[in-house]
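Asker: Would you mind keeping the following structure in view while I ask a few things?
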Amino acid sequence: MPTSLDRIEKEITLRAPKSRVWRALTNAEEFGEWFRVKLEGPFAVGKSVHGRITYPGYEHMTMAISVERVDAEHLFSFRWHPYSIDPKVDYSKEATTLVEFRLKEVSGGTLLTVVESGFEKLPADRRAEAFRMNDSGWQEQIENVRRHVAG
Amino acid sequence: MFDAMSPASRRAVGFREAAPLFAALGDQTRLQLLDRLCHGGPSSTARLRAGLPVSHQAISKHLEVLHAAGLVRSSRRGRERIWDLEPKRLGAAHAYLDRISEQWDDALERLKKFIEH
């Protein structure tokens, strides 16, 4: 029986000071560079920011991030719609998942924890094709990005 | 248990199907009932309820929610209702979260490269 079916938790230790990691998360331009989205404006509590995905092959995808908390330099959280890729659908009325980034100084750098929760509130009428991503195609794009960033 | 399932039964679920599935799973008692069915096999309502601080009515309601979400199936044995897991649906919920989980793994790797280059 799986331990958790209503949230995703990730942990990564980054070899950098907390303030460096904080900036990479909360500065919209920097966030966009590694997340691969071109955001239209800065992150601000209570405000929504729209952006266009910049993955090769996925440029038709847009996303909207609604910032919840910016508690320097320890918690950054926002709401969004996972996989909102259908240009004909108005996702703004649908329930969102919550993404929380927490930072903690550890020996060797910064421990970053990411939790995404709220999957049980996804609407029942979301079209299935929004999720019909070809597995191998997506993996290939990830590889492209990896090469690009490393190069 | 999940390793034994076929790829077809583990295919990622679309959003349309995902919501009631996760709504059904978003309850501690219901997760507990699924866990009991997972480890104990087909069980009657009474057996599933044993030792839980929940009324028979509440347990029945929970089982109906799980049933409506396609996570469990039931059959009659005399006057008793016997419940059993529907493993495909749980596999689908898994696959859905696995996919999002992979996305996060990749995003965090990009973050790591971005920061540590």
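The values are calculated or read from the model by the stated rules, or taken from the named source; none is laboratory data. Since we're looking at a predicted model, the values are computed, not measured. All Cβ positions, even for glycine, are placed from backbone atoms using ideal geometry, and neighbour counts span all protein chains on display.
Asker: Against the condition away from chain A (no Cβ under 14 Å), outside any loop (DSSP other than H, G, I, E, B) and in contact with a strand residue (DSSP E or B) (Cβ under 6 Å, 6 or more places away or on another chain), how does B:Trp83 come out, does it pass?
Answerer: Against the criterion (away from chain A (no Cβ under 14 Å), outside any loop (DSSP other than H, G, I, E, B) and in contact with a strand residue (DSSP E or B) (Cβ under 6 Å, 6 or more places away or on another chain)), B:Trp83 qualifies.
Asker: Still on this model: Does the stretch A:68-82 include one or more residues that are assigned to a strand (DSSP E or B), modelled with pLDDT under 95 and closer than 20 Å to A:Ala24 by Cα?
Answerer: Yes, the stretch A:68-82 contains a residue that is assigned to a strand (DSSP E or B), modelled with pLDDT under 95 and closer than 20 Å to A:Ala24 by Cα.
Each row is one residue, and each column tells you yes or no for (1) of a type outside the set (D, E, K, R); (2) closer than 30 Å to B:Leu90 by Cα; (3) touching a residue at least 24 places away in the same chain (Cβ under 8 Å).
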position: A:Ile12; (1), (2), (3): yes, yes, yes
position: A:Val37; (1), (2), (3): yes, no, yes
position: A:Gly41; (1), (2), (3): yes, no, no
position: A:Ile53; (1), (2), (3): yes, no, no
position: A:Pro56; (1), (2), (3): yes, no, yes
position: A:Arg69; (1), (2), (3): no, no, yes
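Asker: Out of A:Glu9, A:Glu33, report the one residue that is within 12 Å of another protein chain (Cβ to nearest Cβ), under 19 Å from B:Leu108 (Cβ atoms) and touching a strand residue (DSSP E or B) at 6+ places or on another chain (Cβ under 7 Å).
Answerer: Among A:Glu9, A:Glu33, only A:Glu9 is within 12 Å of another protein chain (Cβ to nearest Cβ), under 19 Å from B:Leu108 (Cβ atoms) and touching a strand residue (DSSP E or B) at 6+ places or on another chain (Cβ under 7 Å).
Asker: What residue, of B:Ser101, B:Ser44, B:Ser74, B:Ser9, is touching a helix residue (DSSP H, G or I) at 6+ places or on another chain (Cβ under 6 Å), surrounded by 14 or more Cβ atoms within 10 Å (Cβ to Cβ) and either more than 11 Å from chain A (Cβ to nearest Cβ) or modelled with pLDDT under 90 (or both)?
Answerer: Selected residue: B:Ser9, the only one of B:Ser101, B:Ser44, B:Ser74, B:Ser9 that is touching a helix residue (DSSP H, G or I) at 6+ places or on another chain (Cβ under 6 Å), surrounded by 14 or more Cβ atoms within 10 Å (Cβ to Cβ) and either more than 11 Å from chain A (Cβ to nearest Cβ) or modelled with pLDDT under 90 (or both).
Asker: Quick one: how many residues across the stretch A:53-77 are in contact with a Leu (Cβ under 8 Å, 6 or more places away or on another chain) and closer than 21 Å to B:Ser101 by Cα?
Answerer: Residues meeting the conditions: 4.
Asker: Kindly list the number of the only condition in (1) more than 26 Å from A:Val106 (Cα to Cα); (2) surrounded by 14 or more Cβ atoms within 10 Å (Cβ to Cβ) that fails for A:Glu30.
Answerer: Every listed condition holds for A:Glu30 apart from (1).
Asker: Which residue, of A:Ala28, A:Ala64, is more than 12 Å from chain B (Cβ to nearest Cβ) and modelled with pLDDT under 95?
Answerer: Details: A:Ala28 fails: modelled with pLDDT under 95.
On inspection, the qualifying residue turns out to be A:Ala64.
Yes/no per residue for (1) more than 21 Å from B:Ala93 (Cα to Cα); (2) in a helix (DSSP H, G or I); (3) within 16 Å of the chain's Cα centre (by Cα):
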| site | (1), (2), (3) |
| --- | --- |
| B:Leu37 | no, yes, yes |
| B:Ala46 | yes, yes, no |
| B:Pro53 | yes, no, no |
| B:Leu63 | no, yes, yes |
| B:Ser74 | no, no, yes |
